[in-house]
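See structure below.
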Amino acid sequence: MEEKHQESLGRWDGLGSQNASSRAEAMENICQEIMRKVEAIGPIQASDRFPPAMGSSQNNELNEILAHVLMLSKQCPFEDVRERCIRLLKAVQEISVLTVILIWARPAIACYRGTSLSSTAAQSPMFFIFDIDEHCLTDANEVSKVDTRTQSIFEDAFAALGRLDNISLVMGFHPQYLESFLRTQHYLLQMDGPLSLHYRHYICIMAAARHQCSYLVNLHVNDFLQVGGDSKWLNGLDEAPQKLQQLGELNKILAHRPWLLTKEHIERLLKAEEHSWSLAELIHAVVLLTHYHSLASFTFGCGISPEIHCDGGHTFRPPSLSQYCLCDIANGNGHPNHHDDPFANQEVCGEVEVLMERMKQLQECRDDEEASQEEMATRFEREKTESMLVVTAEDEECVPSRDISRHFEDPSYGYKDFSRRGEHVPTFRAQDYSWEDHGFSLVNRLYPDVGQMLDEKFQMAYNLTYNTMATHKDVDTSMLRRAIWNYIHCMFGIRYDDYDYGEINQLLDRSFKIYIKTMVCSPEKTTKRMYESFWRQFQHSEKVHVNLLLMEARMQAELLYALRAITCYMT
């Protein structure tokens, strides 16, 4: 299995080179290999819709290669590679070989609840912004229509990974952030660090699986094998080394109830005799876990579709008579006009102007008078309590498939609000333990440079602004961005003494809160309807910006609980 995987990877080496001659040579080798396979199979008549041998290993391998070429023809940032791939696909089509891949291969719409059944044509990297009647990428995310800076970022990412994944394409709406994100992720996964490369990717699989994010799981299964990981570990967590199995409890607590993490959990990992973790290794693992928990939120929150050549990214069946995937219908993700949708009948006309007016009024109130510390504390507790009453619109259990659940323990363990069934968790005061004053230095000391990279990424997401709201320009959005960030931390029990939590209810309506809570706490339950129900007059790039805020705020909240527990253990 490993040898076949390495052979497949080697086929595409050279396409990420900055040197045009090297790319041309690599592409020529690929063309020759494909044409040899095509000639070996022989011509198939266009009318032969189901050739008898289409399931053979020879055909399956060619299908996989052609699917990869199809992906490159659309997503490779190098124009010469895209054009050569298009010519190659046309040449294969002219020979009428394996018309199934050229006629029926369709990027699948992302299907929630961990399945991918769609045969609907959809080439957008982001299902939520895909219009059924548009079989193309939106201009903002088509690799041939980006600005010079974004083009350079895409090229560097493709050269480093041999792919340009759909997460990067969607984040390409905001190239400043994307650059910081990719730099941090590259360092965590590929540069020198406490953990071996295969351990890193396996931890990524564990983290993504906690939220049933098959998209990220599949990406890192491939990366795990590429760096020489033992394929037996992929049979399930119980096949992995004991040291990784012991990380399972930390993974589930951080993903779902980080406020329950204590120094005792840390001690069990650091004092596990021959299977113990070092402090530096544990910091690396914690950063990876929190990074991929939050990235799973972003993936589901934006409705990221699998790439064309990946599992769920295409199908070899004829297009369905229905325009919609069964999963879309089950989730209410079918036709955009839902007459029975409780959100659909809400008045949306002028929502931007109403929000801007509220921001103006709140600023005037700030200038006129300042609430007392007692009143501020009361407002925080009220907002925290109210956040518990916000339930997801699809509040049923999501049962993970065996392919996903085998990578983590205790599948029934999930998010629970602080005070359900009499639970009480003390408020986490940011003034007592903050990222800026405590967490940053601890990470930087035990995993040099990572603290700085994370800090830049947090700041980039928090401060990113174009001073616009929908069609309005020259707007100060700092109040709104702070409300979103602090609301997420409030859901995790984290309080900032200098913030008036009364502003949150003025700026974030119920449909937006439902989306935030689902995306942050139970991202696998996110639906297209939720995405469409908030900020209906805003652009998709602005909603992606919101998702970046939610992702980074969630990651920082998880990190604060983990780093505080580590600090308590050390002292």
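The values are calculated or read from the model by the stated rules, or taken from the named source; none is laboratory data. Quick caveat, the model's predicted, so the values are computed rather than measured. Cβ placement follows ideal geometry from the backbone for every residue including glycine, while neighbour counts extend to all protein chains displayed. Surface accessibility is based on the protein's heavy atoms, side chains included, excluding ligands, DNA and RNA. Shrake-Rupley method; radii C 1.70, N 1.55, O 1.52, S 1.80 Å.
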Ranked output for segments 437-450, 489-502 by mean other Cβ atoms within 10 Å, highest leading, reads 489-502, 437-450
Count the net charge of all other residues whose Cβ sits under 10 Å from the Cβ of ALA430, scoring Lys and Arg as +1 and Asp and Glu as -1.
-> -3
Diffing the range 484-492: the Karplus 3J(HN,Hα) column from phi (6.51, -1.76, 1.60, θ = phi - 60°), in whole Hz with x for Gly and Pro, holds 5, 4, 6, 5, 4, 5, 4, 4, 8
Pairs LYS243/LYS517; LYS384/LYS528; LYS90/LYS145: which exceed 28 Å Cα-Cα?
-> LYS243/LYS517
Heavy-atom accessible surface of the range 446-571: percent carbon and sulfur, 1.4 Å | 46
Give me D for the range 189-314 in µm² s⁻¹, whole number, from Stokes-Einstein with Rh from the Kirkwood sum over alpha-carbon pairs, 25 °C and 0.890 mPa s.
-> 162
Might you tell me the accessible area per residue for the range 174-295, computed with a 1.4 Å probe and given in Å²?
-> 32
For TYR415 and ASP192, compute 0.36 nm times the residue count separating them, minus their Cα-Cα distance, and round to one decimal in nm.
-> 76.9 nm
Reach of LYS263 by Cα under 17 Å, taken over lysines that are not fewer than 8 positions away in the same chain = LYS252, LYS271
Please tell me the relative contact order of the range 189-314 in percent, rounded to the nearest whole number, where contacts are Cα pairs under 8 Å and at least six residues apart.
-> 32
Report ³J(HN,Hα) in whole Hz for each residue of the range 269-277, in order, from the Karplus equation J = 6.51 cos²θ - 1.76 cosθ + 1.60 where θ = phi - 60°; Gly and Pro get x.
-> 6, 7, 10, 9, 6, 6, 9, 6, 9
Vicinal HN-Hα couplings computed from phi for the range 509-515 (Karplus, 6.51 cos²θ - 1.76 cosθ + 1.60; Hz; Gly/Pro x) = 7, 5, 5, 5, 5, 4, 4
5 angstrom amide H check on THR468, placed H, neighbours 5+ away | VAL475
Roughly speaking, what is the stretch gain from GLN32 to THR262, that is 0.36 nm per residue apart minus the C-alpha to C-alpha distance, in nm to one decimal?
-> 76.9 nm
What distance in nm separates the simple spin-label points at THR567 and THR468, each placed 7 Å from Cα in the Cβ direction?
-> 4.0
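Give me the percent of the accessible area of the range 189-314 that comes from carbon and sulfur atoms, probe 1.4 Å, all protein chains in place. Walk me through the numbers on the way to the answer.
Working: 1650 of 3770 Å².
The value for the range 189-314 is 44 percent carbon and sulfur by accessible area.
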